[in-house]
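Inspection log for the structure reproduced underneath, given as structure tokens.
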Amino acid sequence: MTALEAFIEKLDALARDATAAFESATTAEELEQARVEFLGARQGRLKAIQKGMGRLDRSERPAAGKKLNEVKRQIDSAFQAARAALGKEQAGPAVRSPFDPTLPGDRPRLGHVHPITQTIEVLKEIMGRLGFSVAEGPEIEDEWHNFEALNIPAAHPARDPLENFYIDAGPSQRAERCHETADRSQDGDLLSDFYRATAEARAGAPLLLRSQTSTVQIRVMEQTAPPIRIISLGRVYRPDTADATHYPLFHQMEGLLVDRQVTMADLKSVLRMFATSYLGEDVHVRFRPSFFPFTEPSVEADFWWNDEWVEFGGAGMVDPNVLRAVGYDPETVSGFAFGLGVERLCMRRHQITDIREFYRNDVRFLRQF
Ligand code: DAH
């Protein structure tokens, strides 16, 4: 056998092997592997044979080249045929890209603000327009701010340990807190001496989670001279059993206005403006006589809404004892205060019937607001 004959025989064998390999490929990956094996530009078997051409006699080369090209075309068309056959069977994914850029995309879900926080923002907005600025106070309180200064004496049932979350704080924690509050009074305002004196007197007093935001009335008045026009929104805590209308944690909006010659008429107009802004123009306000230790007279405020009277919270004229407790003179200044339940306002507006929903963190509920 001449060298040329051997060369041609090798090429024919390669063509047979390649065709068989392409035909037996059952996936696009297998077919691609076979293509690289036979037709690969660097390590392919055809390339290896082609390299052997250099060893042929110069006169044999044209014939060898012609055969090489023939076989190359043959293997190529065997590959194309195998690819077409596979394409028909698999109709796609392995051959076409699995990514279809013409499909509509999946919109990523955005989180949003909790309905109670949303309500708080709206309330701040409305009261801000009426000239009330926002004040804050701590959630861990002493008995002075939660009771004593609010004219709730030691024997009052509201102070029962079973009605409150008292905190078992060690003496050092209590002392630390007392310094904190005393420090805050040192910014040179009119009442700081008075405030420091009462803060010192409270050293070592028991602490509790505040049961009402009325505490902030005291904190603001202790540190500021009248006139005062504030609201305070925040969490309060009571050991109530959770049901559709009670939860051991809830939110209140406290309001306080102190100035010269403030009357019930001012209280009523502020609450009416608030109610019409929050619930709608057709809301009416009704006062029912009530009792709170820190107001005299005291009322329950009801809003007429969707054909019924709904109780939203308490209000009244600040009791002279409260004004005295913060060093104000009840003969020269007077004020009104109110405390409304934030959950209740939010539930009415959105027709939510169970307060527990706010704290279950079920996204199917929260997503609706
Ligand atoms: N602090 C009262 C409560 O939690 C609500 C309240 C009533 C607040 C009358 C007030 C007020 O400021 O004047 O039940």
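Between Thr276 and Arg324, 0.36 nm times their residue separation minus their Cα-Cα distance comes to what?
Details: separation 48, 0.36 × 48 = 17.28 nm, distance 3.40 nm.
13.9 nm is the gain from fully extending Thr276 to Arg324.
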Exercise. Which lysines does Lys66 reach when only Cα atoms under 22 Å apart count, and residues fewer than 8 places away in its own chain are ignored?
Worked result: Lys10, Lys47, Lys51
Exercise. Size of the chain along its principal axes in angstrom, Cα-based, largest extent first?
Worked result: 130, 54, 37
Exercise. Using a 1.4 Å probe on the protein chains only, how many percent of the accessible area of segment 270-320 belongs to carbon and sulfur?
Worked result: 51 percent
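Which of the trypsin sites (Lys or Arg not before Pro) found in segment 213-266 are in a DSSP loop and have at most 10 neighbouring Cβ atoms, other than their own, within 10 Å? Could you put the intermediate results ahead of the total?
Working: sites: Arg219, Arg229, Arg235, Arg260; in loops: Arg260.
Counting only loop positions with at most 10 other Cβ atoms within 10 Å, the trypsin sites (Lys or Arg not before Pro) in segment 213-266 are Arg260.
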For this session: Putting +1 on Lys and Arg Cβ atoms and -1 on Asp and Glu Cβ atoms, find which of Ala20, Phe336, Ser133 reaches farthest to the positive end of the dipole of the chain.
Result: Ala20
Exercise. With the other protein chains left in place, how much accessible area per residue, in square angstrom, belongs to segment 3-90 at a 1.4 angstrom probe?
Worked result: 64 Å²
Problem set entry | Angstrom value of the Kirkwood radius, inverse mean 1/r, which spans all Cα pairs in segment 315-369 | 14.4 Å
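Just check segment 230-369 against the gyration tensor rule for me: Cα atoms, a ≥ b ≥ c as the square roots of the eigenvalues, rounded for a/c under 1.5, and otherwise prolate or oblate depending on whether a/b exceeds b/c. Write down the numbers at each step before the final one.
Details: a/c = 2.42, a/b = 1.65, b/c = 1.47.
Cα axes put segment 230-369 in the prolate bin.
Charges at C-beta only: +1 for Lys and Arg, -1 for Asp and Glu. How large is the resulting dipole of segment 3-90 about its Cα centre, in Debye rounded to 20? Before the final figure, lay out the partial values.
On the way: 16 positive and 14 negative charges, 100 e Å.
Magnitude of the dipole: close to 480 debye.
Taking the Cβ of Val333 as the centre, find all other residues whose Cβ is under 14 Å away and add up their charges (Lys, Arg: +1; Asp, Glu: -1). Spell out each step's value before the answer.
Working: positive: Arg229, Arg260, Arg324; negative: Asp259, Asp266, Asp319, Asp329, Glu331.
Within the 14 Å Cβ shell, the charges total -2.
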Problem set entry | Heavy-atom accessible area per residue - segment 238-285, 1.4 Å, Å² | 49 Å²
For this session: Would you tell me the accessible area of Asp307, worked out with a 1.4 angstrom probe on the heavy atoms of the protein chains, in Å² to the nearest 10?
Result: 130 Å²
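Roughly how big is segment 215-283's charge dipole about its Cα centre, with Cβ charges of +1 (Lys, Arg) and -1 (Asp, Glu), in debye to the nearest 20?
Computed charge dipole of segment 215-283: roughly 220 debye.
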Problem set entry | Rounded to 10°, Cα long-axis angle of helix 214-223 versus longest principal axis of the chain | 70 degrees
Exercise. Among Ala154, Ala337, Ala15, whose mean-square fluctuation peaks in a Gaussian network model of the chain (Cα, cutoff 10 Å)?
Worked result: Ala15
Seminar exercise, completed: Taking a ≥ b ≥ c as the square roots of the Cα gyration tensor eigenvalues, with a/c under 1.5 meaning rounded and otherwise prolate when a/b beats b/c or oblate if not, segment 202-261 comes out oblate
For this session: Could you tell me how many degrees, from 0 to 90 and to the nearest 10, lie between the Cα long axis of helix 192-201 and the main elongation axis, the longest principal axis, of the Cα atoms of the chain?
Result: 90 degrees
Exercise. Which is the longest stretch in the chain that no exposed loop site breaks, taking sites as GluC sites (Glu not before Pro) with a DSSP loop state and at most 16 other Cβ atoms within 10 Å?
Worked result: 140-280
For this session: With a 1.4 Å probe and every protein chain kept in, tell me what percent of the accessible surface of segment 3-90 is carbon plus sulfur.
Result: 49 percent
Problem set entry | Heavy atoms of Lys124 accessible to a 1.4 Å probe, total area in Å² rounded to 10 | 70 Å²
Exercise. Each residue of segment 253-259 in order: what ³J(HN,Hα) in whole Hz does its phi give by Karplus 6.51 cos²θ - 1.76 cosθ + 1.60, θ = phi - 60°, with x for Gly and Pro?
Worked result: 10, 9, x, 8, 10, 10, 6
Exercise. For segment 55-64, in order, what is each residue's ³J(HN,Hα) by Karplus, 6.51 cos²θ - 1.76 cosθ + 1.60 with θ = phi - 60°, in whole Hz (x at glycine and Pro)?
Worked result: 7, 6, 5, 3, 6, 7, 4, x, 5, 4
Exercise. Roughly how much of Ser24 is accessible, in Å² to the nearest 10, using a 1.4 Å probe?
Worked result: 80 Å²
Exercise. Under the classification rounded if a/c is under 1.5, otherwise prolate if a/b is larger than b/c and oblate if not, where does segment 3-90 fall, given a ≥ b ≥ c as square roots of the Cα gyration tensor eigenvalues?
Worked result: prolate
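The values are calculated or read from the model by the stated rules, or taken from the named source; none is laboratory data. None of the values given here were measured: they were computed from a predicted structure. Don't worry about glycine lacking a Cβ; one is built from the backbone with ideal geometry, like all the others, and counts go over all protein chains shown. With ligands, DNA and RNA removed, areas are computed over all heavy atoms of the protein, side chains included. Shrake-Rupley method; radii C 1.70, N 1.55, O 1.52, S 1.80 Å.
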